[in-house]
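Chemist: My questions all concern the structure below.
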Amino acid sequence: MGDEEFMNASDDEERGGAVGYAPHPHIGGRTAVLRALAAWRMQWPGAPRVVVLTGSPGSGRSRLMTGFLMLCDPEYRKRLPLDDLDPTIVPPDLPAPAVPDPRGLTSDQLLWTLADHYGLGATRTADIVPELAAGDPVMVVVPDVDRAGPVRAADEPARLVRDVLKPLAATGTVHLLADVPRELAAEVIESLPAGQGQVIDLDEPRWADPAGLVLQVETSLDPRFGAPALPYTEDPSARRALAEAIAERANGSRLTAQLAVQCILMRPEGFDPADTSLLPGSAGEALDWHARRLGADPQTLRLMLTPLALAEGDGLPIELWGALANAVAGRDMSREIADGMLLAGPFVEPVEVPAQGAPAEQDGESTDSRTLLRLVHPGVADAIRAGLADVRDTQTRIAMALLEAVPQQDWSRADPYVRDHLAAHTLAAGLLPQLLTDPALFAHADPVTLRAAVEAVPYDALGAPARTYLRTAPLLTRSQAPVGMRAALLETAFMEDGLGPYADALHALNLDLPWRTLWSEPLPGATDVTVGSLPQAPADDAAGAGPTDAGPESDAGAPASAALPVAVVLVPENTPGSRTVPAGDAGTGGTAVLVHPLLSPGYVDADPALILRPSEDVRAAAPLALSRGADYVRVWDRRRRTVVAALISDTPFTGADLSPDGVLVVATARGVKALQIPLPEPVPLPEPAGDAAATDTAVPGVSVPAPAAPSDPVHPADTPAGPHGREGDRS
């Protein structure tokens with residue numbers, strides 16, 4: 001959770017709760033708040049429908065939320081001493097509320113998480129809250145709003161309050177409890193009628209519970225709960241006196257008290273419990289106090305921790321810590337990093353994460369893990385960032401160091417942290433537009449984080465490649481496509497936008513793309529497309545000779561040099577360059593057509609009636625087959641019955657056709673494009689097996705029809721892993 005407190009009070013401790021009752025074992029106090037939350041949970045008469053929990057960083061609101069959710073979960077309740085707790089803080093045994101976790105998610109993703117939880121039928125983000133409003137009453141708990149979003153500088157918490165929490169709060173069927181930063185808390189309930197909303201600020205005297213904080217500190221100093229045996233920890237009266245001094249100096253901050261205890265216990269030598277005048281009163285003071293106690297320069301500790309304070313995602317790979325500390329300090333910090341774990345120890349924690357997406361296996365998964373480092377609490381990061389003279393300059397130094405860490409600027413070999421989070425650091429440095437010119441980065445970076453960073457830049461500040469990426473990103477995030485598929489979708493998007501060199505650069509990445517886009521034409525309103533060939537005059541005819549006057553029944557076996565492969569596009573009448581075709585002629589239904597060379601840009605001024613279309617026998621004998629849906633087209637290897645290319649679109653396909661030699665032509669509301677699909681290697685015929693096989697051998701000149709492709713297959717390359725993928729946007 002977000003605001004982590006630091007102790008687990010004993011089950012039999014009598015102080016810190018209501019008289020005669022044990023305190024909550026995970027919280028050790030906060031009875032008044034728990035009573036208010038229990039009233040919300042039980043929907044007591046007069047209880048608000050919407051409750052916003054807030055407080056300063058380190059006030060303990062997230063741990064409080066965790067403790068309350070323990071009381072709401074039917075399974076976890078079985079592990080709690082409910083009979084020993086104050087009954088006014090224990091809600092009845094009800095079904096667990098929905099608890100969508102916003103950490104690292106965008107607002108749309110959080111909404112789709114809710115939609116999945118309740119099994120809603122919404123197909124657009126805008127429909128989710130109205131559908132909730134039309135159903136039965138529901139209870140929703142949203143913790144850790146301050147952790148929302150994949151990129152810190154994009155300010156997703158504010159967007160989540162505006163786009164998710166406020167609409168939910170305004171919905172009469174939703175009973176909402178949310179943990180929100182103080183600067184955003186009032187906004188959640190500002191439009192509600194009187195009595196329907198309440199803000200519980202844990203720093204206000206009525207909710208602060210200083211006695212509970214003393215109990216927490218006292219418990220964390222107790223050797224029975226892991227503290228070292230020291231004179232002031234073993235003696236109950238000395239332990240109590242020190243706990244009171246720490247809590248008083250912390251002024252209600254659970255984080256400050258936590259840090260004070262950890263600093264004392266990590267280096268107990270030289271600490272005099274009788275002299276409490278130097279105890280820290282904030283997270284920043286705890287940093288400086290600990291450094292001085294160890295004889296170190298406080299600035300050295302802050303320089304060491306700055307890369308962690310600015311880290312994105314789950315934390316910073318331990319392998320990158322030293323290089324980034326060097327960049328921040330402008331000098332070699334390797335010795336301080338190597339010898340500094342005692343110095344940094346109270347403020348840093350390791351976290352193991354799966355090593356998925358490692359450079360050597362981007363398209364697969366690994367059971368290995370890697371170690372990341374992060375600060376023990378966001379409040380420590382806030383204190384460090386507040387002490388920086390120039391955050392942008394520091395982020396610039398970090399971004400440059402990360403860029404230098406890419407081996408030979410090969411993004412396929414970059415550390416996953418560098419690949420996925422460099423954009424976030426350059427965004428914070430104000431330099432992201434300059435980075436967004438490398439198509440290899442577009443293909444290799446996590447599309448969720450990169451999209452969030454690019455969307456935070458004013459559109460007018462983006463260059464043409466970045467704008468292409470921005471409009472393609474919903475496809476990348478919706479499909480959770482691997483790197484090769486991302487590169488393919490970007491390749492065709494660059495061709496659509498007239499950025500051919502960027503498409504060529506993607507082909508140079510050795511990613512084995514499933515197609516090469518031959519051409520793309522902006523033809524709004526195209527309703528269908530077919531492939532064919534246009535008979536040509538012999539090559540030695542007079543220059544400028546046009547097509548022959550052969551009709552559609554002409555000999556289809558003419559030499560290839562005498563026929564021009566073309567695509568016939570149905571377009572609205574009066575489209576420049578088109579020809580109107582009478583109803584029923586050439587299967588066009590009385591509209592206009594454009595004739596386009598199949599293999600190159602440009603148009604052909606030709607009579608559509610002259611175009612020859614492949615016969616059904618020719619199509620059936622082709623090695624590739626086509627299937628399509630509203631927003632996808634798949635090309636199949638007929639004999640192997642496998643997908644060789646899967647194209648998805650953010651606008652419905654209005655037409656698609658596949659030539660016998662593997663040129664896929666598709667039309668959408670945006671335009672028409674042609675993609676060359678490599679033909680598969682032929683399937684070798686089985687060796688004859690004696691006389692029994694002799695009757696099955698191929699007869700020269702006789703073709704064996706290939707099996708048809710399945711009509712509506714499912715393929716992971718173009719189907720989201722869940723109903724909304726990682727993006728959560730089906731609009």
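Chemist: Computed FRET efficiency, Cβ-Cβ of residue 630 and residue 342, R0 56 Å: what is it to the nearest 0.05? If you can, show how the numbers build up before the last one.
Modeler: Numbers: r = 61 Å, r/R0 = 1.09.
Rounded to the nearest 0.05, the efficiency is 0.35.
Chemist: Over the range 80-239, what relative contact order in percent results from Cα pairs under 8 Å that are six or more residues apart?
Modeler: 18 percent
Chemist: Sticking with this one: Could you check the spin-label model distance between residue 369 and residue 413? Points 7 Å from the Cα along Cα→Cβ, value in nm.
Modeler: About 2.9 nm separates the two model spin labels.
Chemist: Given R₀ = 56 Å, FRET efficiency for residue 609-residue 43 by Cβ-Cβ distance, to 0.05? Intermediate values should be presented prior to the final figure.
Modeler: Details: r = 73 Å, r/R0 = 1.31.
The computed FRET efficiency comes out at 0.15.
Chemist: State, in angstrom, two size descriptors of the range 38-188 derived from its alpha carbons: Rg to one decimal place and Dmax to the nearest whole number.
Modeler: Calculated on Cα positions, Rg and Dmax stand at 15.5, 47 Å.
Chemist: Based on the Cβ-Cβ distance from residue 461 to residue 73, what FRET efficiency comes out when R0 is 51 Å, to the nearest 0.05?
Modeler: 0.65
Chemist: A follow-up question, please. Could you please state how large a percent of the accessible area of the range 572-674 is carbon and sulfur, counting protein chains only and using a 1.4 Å probe?
Modeler: 53 percent
Chemist: For a test of the definition: using alpha carbon positions, the gyration tensor, and the 1.5 limit on a/c, classify the range 159-236 as rounded, prolate or oblate.
Modeler: prolate
Chemist: Taking a ≥ b ≥ c as the square roots of the eigenvalues of the Cα gyration tensor of the range 80-155, is the shape rounded (a/c under 1.5), prolate (a/b larger than b/c) or oblate?
Modeler: Numbers: a/c = 3.42, a/b = 1.44, b/c = 2.37.
Judged from the Cα gyration tensor, the range 80-155 comes out oblate (a/c at least 1.5, b/c at or above a/b).
Chemist: A further question on this structure: Rounded to the nearest 20 debye, what is the charge dipole size of the range 172-326 about its Cα centre when +1 sits on each Lys and Arg Cβ and -1 on each Asp and Glu Cβ?
Modeler: Numbers: 11 positive and 23 negative charges, 60 e Å.
Dipole magnitude for the range 172-326 comes out near 300 debye.
Chemist: To continue, here is another question. By how many nm would the segment from residue 599 to residue 681 lengthen if fully extended, with 0.36 nm per residue of separation less the alpha-carbon distance? Write down the numbers at each step before the final one.
Modeler: Details: separation 82, 0.36 × 82 = 29.52 nm, distance 2.15 nm.
Stretched fully, the residue 599-residue 681 segment lengthens by 27.4 nm.
Chemist: Here is a follow-up. Tell me the relative contact order for the range 129-186 as a rounded percent, counting alpha carbon contacts under 8 Å between residues six or more apart.
Modeler: It rounds to 51 percent for the range 129-186.
The values are calculated or read from the model by the stated rules, or taken from the named source; none is laboratory data. Everything numeric in this text was worked out from a predicted model, so none of it was measured. As a convention, Cβ positions derive from the backbone with ideal geometry for all residues, glycine included, and neighbour counts pool all protein chains shown. Surface areas here come from the heavy atoms of the whole protein model, side chains and all, with no ligands, DNA or RNA. Shrake-Rupley method; radii C 1.70, N 1.55, O 1.52, S 1.80 Å.
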